Amino acid sequence: MTDGFMGPPWQMDWRLDALAALEALPAHAREMVYAARAELVTAKDPYFRGIETDAGLPDGMKVRPIRSTEPKGRHICLFDNGQGWLRFVFVPRTEDPQIVVEQLFWLGTEPPTEPPAEQ
C-alpha cells in the first residue's frame, strides 16, 4: 500500500450485468467501450471537472454527472455520439480507488457488411 492517495491508472470494476452487456456487444461497439474505458482509467480526474471538461476526450465522447446537484456522485460517459453510455461512480478511497461501472447501454447499429446496391 502507499502512504497517500493513489493516482491513475485507476482500477475499474464492472457489475456482472454491465460486464454481460459488454460481452454481448458486437466487436466494433466493444472497441468504442474499450476506448471510453481507457480514457476514464487514465484521467487525472475521472469526472473531468473543470471549464473544458471534454476537451481531452475523443470526438463523440462526453462525461457528465447524472444529477447536476451531485457533482461527485454517479456520472455517465457517453460514447458513439450519445448512442451508448457507461454509468459509473468513482470511489476515491486512499488505499484502493476505483471506478465502478454500474450500467452499459448501446443503441447503435451494425456497420454495413455489403456495399449499397447500384441503381
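Checking each residue in region 16-35 for being surrounded by 18 or more Cβ atoms within 10 Å (Cβ to Cβ) and over 18 Å from Thr109 (Cα atoms) picks out only Ala18.
List pairs: first residue in region 91-103 and modelled with pLDDT under 75, second residue exposed (fewer than 15 other Cβ atoms within 10 Å of the Cβ) anywhere in the structure, Cβ distance under 6 angstrom, at least six positions apart or on different chains. Final answer for the pair search is Thr94/Phe5; Glu95/Met1. Scan region 45-54 for residues that are at pLDDT 70 or above and among the hydrophobic types (A, V, I, L, M, F, W, C) and report the count. Matching residues across region 45-54 total 1.
The values are calculated or read from the model by the stated rules, or taken from the named source; none is laboratory data. This is a predicted model, so every value here is computed, not measured. Backbone-built Cβ (ideal geometry, glycine too); neighbour counts: all protein chains shown.
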